[in-house]
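Take a look at the structure set out below.
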Amino acid sequence: MKKINKMLLINLLLPGIAFAGSHFCFEREVSIHCESELGENYSLNGSFVKEGVSYEFSARRAFPGRWCEEAVESILKVMKSGNYCMKFEEKSVSVDLTIGAVLSKSKKWTYFQ
């Protein structure tokens, strides 16, 4: 029943968006940070463990530092607002994921904001 409620929450928050990837829901913050790349670009990276499996995630590409910092701040606000779910582009069989959205009942962050 709990899993069904989480899926309903995700569908209510992002109606009309086809989703073929995976999602994971959390009660506590997961690790997320900006990592310096070549030049002045930064990649948004993070990791978490779910059911004994270690996952790593990142954004689609590197961005200027300001974008990355603002994205991390927005994502942390969603995480701190309570139970939240993270949506990824790949199926959960992959341990290297590409972040698409972070959603709670009251807040959301999406890659394409």
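The values are calculated or read from the model by the stated rules, or taken from the named source; none is laboratory data. Remember, it's a predicted structure, so these values are computed and weren't measured experimentally. Reconstructed Cβ throughout: ideal geometry from the backbone, glycine too, with neighbour counts over all protein chains shown. Only protein heavy atoms, including side chains, enter the accessible area calculation; ligands, DNA and RNA are left aside. Shrake-Rupley method; radii C 1.70, N 1.55, O 1.52, S 1.80 Å.
Some observations on this one:
- Residue list for segment 18-59, restricted to those being open to solvent by less than 70 Å² (accessible area, probe 1.4 Å) and of a type in the set (K, R): K50
- Qualifying residues in segment 60-78 (those that are touching a residue at least 40 places away in the same chain (Cβ under 8 Å) and closer than 15 Å to V30 by Cα) - the one surrounded by the most Cβ atoms within 10 Å (Cβ to Cβ): I75
- Here segment 79-94 is the region considered, the condition is being out of contact with any His (no Cβ under 8 Å at 6 or more places or on another chain) and under 17 Å from S43 (Cβ atoms), and the residue that is least open to solvent (accessible area, probe 1.4 Å) is E90.
- Listed conditions (1) open to solvent by 50 Å² or more (accessible area, probe 1.4 Å); (2) touching a helix residue (DSSP H, G or I) at 6+ places or on another chain (Cβ under 8 Å); (3) under 12 Å from H23 (Cα atoms) are all met by K105, apart from (3).
- Test: residue in segment 56-71 that is in a loop (DSSP other than H, G, I, E, B), within 18 Å of H23 (Cα to Cα) and either touching a Gly at 6+ places or on another chain (Cβ under 6 Å) or of a type outside the set (V, I, T) (or both): yes
- Flag if S58 is of a type outside the set (A, V, I, L, M, F, W, C) and within 9 Å of the chain's Cα centre (by Cα): yes
- Summed over segment 48-59, the residues that are under 16 Å from C25 (Cβ atoms) and either touching a residue at least 12 places away in the same chain (Cβ under 8 Å) or among the aliphatic types (A, V, I, L, M) (or both) give a count of 6.
- A single entry from C34, C25 fulfils the requirement of being at pLDDT 95 or above and part of a strand (DSSP E or B): C25.
- Identity of the residue in segment 95-105, touching a Lys or Arg at 6+ places or on another chain (Cβ under 8 Å) and under 15 Å from S47 (Cβ atoms), that ends up modelled with the highest pLDDT: V102
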